[in-house]
1. Within the chain, which is the longest segment containing none of the trypsin sites (Lys or Arg not before Pro) that sit in a DSSP loop and have at most 16 other Cβ atoms within 10 Å?
2. Specify the angular offset, from 0 to 90 degrees and rounded to the nearest 10, of the alpha carbon long axis of helix 17-29 from the longest principal axis of the alpha carbons in the chain.
3. Whole-Å semi-axes of segment 8-144's equivalent ellipsoid, largest first, each the root of 5 times a Cα gyration tensor eigenvalue?
4. What 222 nm value per residue comes from the helices of the chain, counting each DSSP H run with n ≥ 4 as -39,500 (n - 2.57) and dividing by all residues, nearest 500 deg cm²/dmol?
5. Any chance you could give the angle, 0 to 90 degrees and rounded to 10, that helix 43-53 forms with the longest Cα principal axis of the chain?
6. Relative to the first principal axis of the alpha-carbon coordinates of the chain, what is the inclination of helix 69-79, with its axis defined by its Cα atoms, in degrees from 0 to 90 and to the nearest 10?
7. Just in segment 30-132: which GluC sites (Glu not before Pro) are loop by DSSP and have at most 10 other Cβ atoms within 10 Å?
Amino acid sequence: MQSPKPRIRVLIADDHGVVREGLVSMIRRNKANMTVVGEAGTGREAVQLWNEHRPDVTLLDLRMPELDGVDVIKEIRATDEKARIIVLTTFDGDEDIYRAIKAGAKGYLLKEVPREALMDSIRRVHAGETSVPVHLVAKSINHRL
């Protein structure tokens, strides 16, 4: 008999409580072997909870109080360059995308992403892949040309 796959441990960082609650609910309803290990409402809290729990994947809003998402990514990746972070935001500006990816984000999704696409992105980033929609990659590249 095979032992069950270990759960993907997810940290959620968003300054809007209703968004955090929705993400927690989505992950709990999903039968994809995921569990939420922490919820942060500020960038500083995100770094603290990441250090405490060392999650497999972090879902991080780009605009956070106390420390913005890019600075959160930089701080976490200074501790562990293999940290897997997905930016989940409403901001699709080419400079935002570029800065997040340059800082080390492994995924960049807009909050309008369908639930299954979000769950798939978590699984892919956990497996070591990147997860950035093609149209956002193109936008970031065009910005740099």
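1. Between the exposed loop sites, the longest stretch runs 112-145.
2. Taking the Cα atoms of the chain, the angle to 17-29 is about 50 degrees.
3. Values: eigenvalues 81, 59, 40 Å².
So the three semi-axes of segment 8-144 are 20, 17, 14 Å.
4. Computed ellipticity for the chain at 222 nm equals -14500 deg cm²/dmol.
5. Between the helix axis and the principal axis of the chain, the angle is about 40 degrees.
6. Rounded to the nearest ten degrees, it is 60.
7. On the way: sites: 39, 45, 52, 66, 75, 81, 95, 112, 116, 129; in loops: 66, 81, 112, 129.
Answer in residue order: 81, 112.
Taken together, the values in this text are just the output of simple stated rules run on the coordinates, not laboratory data. Predicted, not measured: the structure shown is a model, and the values here were computed from it. Cβ coordinates were reconstructed from backbone atoms using ideal geometry, including for glycine residues, and neighbour counts include every protein chain displayed.
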